[in-house]
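> One structure follows; several queries about it will come next.
No value in this document is a laboratory result; all are computed from the given coordinates. The shown structure was predicted, so the numbers you read here are calculated from the model rather than taken from an experiment. With ideal geometry, Cβ positions are generated from the backbone for all residues, glycine too; neighbour counts draw on all protein chains shown.
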Amino acid sequence: MTSELNSKEYISLRDYFDTRINNLQQNTDLKISNVEKAITIASGLMEKRLESMNEFREQLKDQATHFLSRDEFQIQHDRVIEDIKMLRESRAELQGKASMNAVYMSYVIAVIGFLTGIIGIVIHFI
């Protein structure tokens, strides 16, 4: 009976190592498969991140080409300031001319009034 137990409980050393090696091989294959999946997922995420970074870089490049440089702005700003000065001077000149027109008009009215007064006096004595 002990010999029967011994044969049932014990396996050969070769079978034991073969079983262990197969288990280790399966575990290693499973780990390698999981690492490959993780690398694939990480690679996909990295590609998406790099694409978004490239889009951002393109936006910055596009902005840089469309924005005014400080020198260009200064040139345009100086032109606008000069135009504003010219408009102010023109307005002041027009206001001065309008004032002179009012003075001339009052002279004409004064002369007409003066002549009317003289004619009235002359008619009164004649």
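> Hey, does the range 25-34 have a residue that's over 46 Å from the mean Cα position of the chain (by Cα), in a helix (DSSP H, G or I), of a type in the set (D, E, K, R) and surrounded by 10 or more Cβ atoms within 10 Å (Cβ to Cβ)?
The answer is yes; a qualifying residue exists.
> Can you tell me which of (1) surrounded by 10 or more Cβ atoms within 10 Å (Cβ to Cβ); (2) part of a helix (DSSP H, G or I) is the one LEU68 doesn't meet?
(2)
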